Amino acid sequence: MEYIEWFGTHFIGLFQAGGKVFVGFMTDIVPLLIVLLTFTYSLIAFIGEQRVTKAIQFSAKNMLLRYSLMPILSVLMLTNPMAYTFGRFVKEEQKPAFYDSVVSFLHPVTGMFPYANAGELFVYLGIANGIMNAGYSISSLSVRYFLAGIIIILMRGVITEIITKFLMRKKNL
């Protein structure tokens, strides 16, 4: 009988702990996400959507910008999954590399801009919790994660573009 009581108490306790976490998200994370989204869309409106579009088209012509600035802007402005739509500005043979860059940046962006990929927020918060318990700063983690992400997306974009062009030549596409 003791085992059944223990199971019942701890089973409900699991849901109570989940409820506390949920309430914490509603009072901490959700307002932050709303303010960040409002800021991003206000900035686009202030600059002008056509100017932003021209800047994206310009950056698509340069390999370094195509796999660094473009994925960053697409993830921050459009969030996941709409960020992939910036791929319309690149040539057909560059689309796989651009997609690879955007997908690779959806995780590192979460620490500084959680609204950009809210689905991954739980993964980041789990890592951040471990970092906090070890006595380190979450801000430092967020910045390092973001900067490492920029380096990774640039490398992945360039390498994927080279591989794509090689395979297209091999298939005579």
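The values are calculated or read from the model by the stated rules, or taken from the named source; none is laboratory data. Quick caveat, the model's predicted, so the values are computed rather than measured. Please note: Cβ atoms are built from the backbone with ideal geometry, for glycine as well, and neighbour counts cover all protein chains shown. Side chains are part of the model used for accessible areas, which takes the heavy atoms of the whole protein and leaves out ligands, DNA and RNA. Shrake-Rupley method; radii C 1.70, N 1.55, O 1.52, S 1.80 Å.
Among the residues making up segment 21-66, those that are under 30 Å from residue 91 (Cβ atoms) and hydroxyl-bearing (Ser, Thr, Tyr) are 40, 41, 53, 59. Exactly one residue out of 145, 115 is modelled with pLDDT of 85 or more and either over 17 Å from residue 69 (Cβ atoms) or touching a strand residue (DSSP E or B) at 6+ places or on another chain (Cβ under 7 Å) (or both), and it is 145. Comparison of 79, 38 shows that the only residue that is of a type in the set (Ser, Thr, Tyr), open to solvent by 60 Å² or more (accessible area, probe 1.4 Å) and modelled with pLDDT of 80 or more is 38. When the helices (runs of 4 or more DSSP H) confined to segment 1-103 are screened for residues that are more than 20 Å from the chain's Cα centre (by Cα), those reaching at least 1 such residues are found at 2-24, 30-47, 49-59, 63-66. Might you check whether a residue that is among the polar types (S, T, N, Q) and open to solvent by 60 Å² or more (accessible area, probe 1.4 Å) occurs anywhere in segment 93-114? Checked against the condition, which is being among the polar types (S, T, N, Q) and open to solvent by 60 Å² or more (accessible area, probe 1.4 Å), segment 93-114 yields no hits at all.
Contact map, segment 105-120: residues that are over 17 Å from residue 35 (Cβ atoms) and assigned to a loop (DSSP other than H, G, I, E, B) paired with residues that are open to solvent by less than 50 Å² (accessible area, probe 1.4 Å) and polar (S, T, N, Q), Cβ distance under 9 Å, separation 6+ or inter-chain. Pairs shown: 106/117; 107/117.
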